[in-house]
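The values are calculated or read from the model by the stated rules, or taken from the named source; none is laboratory data. In this text the structure is predicted, and so the values were computed from the model without any measurement. Cβ coordinates were reconstructed from backbone atoms using ideal geometry, including for glycine residues, and neighbour counts include every protein chain displayed.
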């Protein structure tokens with residue numbers, strides 16, 4: 001043994017103690033320390049896409065008092081590329097799915113602590129799926145469903161009847177979010193020729209930054225219509241009103257100074273970013289808008305190095321990345337502020353002055369000529385007007 005290299009001696013020693021110790025190998029390398037959770041179940045509480053997922057601990061969890069037992073819970077709707085991940089010690093979760101697709105979930109046990117030499121050990125996964133039976137053909141589902149959260153004050157959703165929807169179809173919108181005891185129906189529908197094609201929902205501040213589950217279903221005589229299920233996040237659908245009190249001025253060094261105020265309404269001012277555009281007209285050419293700034297401040301100074309005659313400024317806003325993943329731009333400010341160049345203004349002022357001085361000088365010269373007399377006291381030939 002003494003003639004063997006040191007690494008072979010270590011290997012022989014590990015083989016010797018293999019059956020009596022875990023000194024040379026991580027605990028999970030020798031045998032499976034922890035089993036996966038048990039009895040993974042998915043149930044539908046009737047909350048428009050929100051499902052309850054629960055499981056039981058692994059059977060041997062009591063033997064690991066010196067370790068922390070956690071679970072890695074992942075879920076998605078069929079067709080999604082990425083899983084949504086939650087690390088938890090709980091045994092039950094309520095999460096939202098698109099019920100028009102199969103709900104997929106999986107859970108594994110995570111074990112770490114003294115009993116694993118502080119190495120995290122993972123169990124195998126357990127899987128479960130859930131599919132809601134959907135009546136009617138896909139073409140009977142409403143089309144072009146679209147929602148905007150205006151000024152963080154009210155949600156307006158619109159849709160069009162499905163391709164296979166018969167005359168006289170009746171649509172209803174239902175919604176639910178955490179805090180409501182049950183799904184609630186819309187009480188302010190938008191109609192077109194007697195058919196509900198939209199809904200306005202008020203007082204949704206409690207639903208901000210959480211899942212809002214919506215279902216639009218329909219009924220018609222002797223026809224099964226497929227319901228539409230969607231899960232929304234209000235802050236990602238926000239559209240503010242245009243900025244207010246836009247003021248543009250020219251400084252003494254030929255810079256445009258632009259200032260405005262955040263829009264009225266419920267949009268938090270700290271959640272807004274702005275785009276400023278400048279149009280410069282040359283001759284009879286149509287003004288071409290160009291973005292000059294993306295910012296969260298409500299003032300901007302723009303250098304005017306070119307020779308354009310008029311600069312026209314407009315501003316719009318949207319929710320910034322600190323408050324939402326995405327959002328809708330507001331409309332542009334209602335009025336385009338045009339500011340003439342300073343030298344042009346001065347020229348317009350000087351022209352009347354020059355004309356006035358020229359006229360006065362001409363009159364003075366004519367009067368001077370009229371006063372000239374001949375030695376005999378007879379007037380010379382005077383200019384016209386004397």
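Of all the criteria given as (1) surrounded by 14 or more Cβ atoms within 10 Å (Cβ to Cβ); (2) under 20 Å from residue 326 (Cα atoms), the one not satisfied by residue 159 is (2).
May I ask you to list the residues in the range 50-64 that are more than 30 Å from residue 183 (Cβ to Cβ) and either assigned to a strand (DSSP E or B) or free of Cβ contacts under 8 Å to residues at least 12 places away in the same chain (or both)?
Of all residues in the range 50-64, those more than 30 Å from residue 183 (Cβ to Cβ) come to 57-64.
Within the range 50-64, 62, 63 qualify.
Please work out which residue is farthest from residue 326 (Cα to Cα), limiting yourself to the range 140-156 and to residues that are in contact (Cβ under 8 Å) with a residue 40 or more places away in the chain and more than 17 Å from the chain's Cα centre (by Cα). Once the filter is applied, the top-ranked residue is 140.
Restricting attention to the range 254-268 and to residues that are in a strand (DSSP E or B) and modelled with pLDDT under 90, the residue that is nearest to residue 204 (Cα to Cα) turns out to be 257.
Residue check: is residue 169 modelled with pLDDT of 95 or more, outside the structural domain of residue 335 (by TED's automatic domain parsing) and either within 20 Å of residue 327 (Cα to Cα) or crowded, with 18+ Cβ neighbours inside 10 Å (or both)? When the stated conditions are applied, residue 169 does not pass them. The set of residues in the range 94-108 being at pLDDT below 95 and either in a strand (DSSP E or B) or in the same structural domain as residue 231 (by TED's automatic domain parsing) (or both) consists of 94, 95, 96.
Go over the candidates 194, 198 one by one and state the one that is closer than 30 Å to residue 172 by Cβ, in contact with a strand residue (DSSP E or B) (Cβ under 7 Å, 6 or more places away or on another chain) and either surrounded by fewer than 21 Cβ atoms within 10 Å (Cβ to Cβ) or outside the structural domain of residue 45 (by TED's automatic domain parsing) (or both).
Working: 194 fails: in contact with a strand residue (DSSP E or B) (Cβ under 7 Å, 6 or more places away or on another chain).
Just a single option satisfies the conditions, and that option is 198.
Has the range 300-311 got at least one residue that is surrounded by 16 or more Cβ atoms within 10 Å (Cβ to Cβ), modelled with pLDDT of 95 or more and within 30 Å of the chain's Cα centre (by Cα)? No, the range 300-311 has no match at all. Residues that are surrounded by 11 or more Cβ atoms within 10 Å (Cβ to Cβ) and modelled with pLDDT under 85 do occur in the range 51-62, at least one of them.
Taking the conditions (1) in a strand (DSSP E or B); (2) surrounded by fewer than 14 Cβ atoms within 10 Å (Cβ to Cβ); (3) touching a helix residue (DSSP H, G or I) at 6+ places or on another chain (Cβ under 6 Å) in turn, residue 149 satisfies each one other than (2).
When you check residue 124 against the structure, is it more than 30 Å from residue 190 (Cα to Cα), assigned to a loop (DSSP other than H, G, I, E, B) and free of Cβ contacts under 8 Å to residues at least 12 places away in the same chain, yes or no? Considered against the rule, which asks whether it is more than 30 Å from residue 190 (Cα to Cα), assigned to a loop (DSSP other than H, G, I, E, B) and free of Cβ contacts under 8 Å to residues at least 12 places away in the same chain, residue 124 comes out as no.
Of the residues 228, 224, 272, which is touching a strand residue (DSSP E or B) at 6+ places or on another chain (Cβ under 6 Å), assigned by TED's automatic domain parsing to the domain that holds residue 166 and either modelled with pLDDT under 95 or crowded, with 19+ Cβ neighbours inside 10 Å (or both)?
On the way: 224 fails: touching a strand residue (DSSP E or B) at 6+ places or on another chain (Cβ under 6 Å); 272 fails: assigned by TED's automatic domain parsing to the domain that holds residue 166.
Going through 228, 224, 272 in turn, just one is touching a strand residue (DSSP E or B) at 6+ places or on another chain (Cβ under 6 Å), assigned by TED's automatic domain parsing to the domain that holds residue 166 and either modelled with pLDDT under 95 or crowded, with 19+ Cβ neighbours inside 10 Å (or both): 228.
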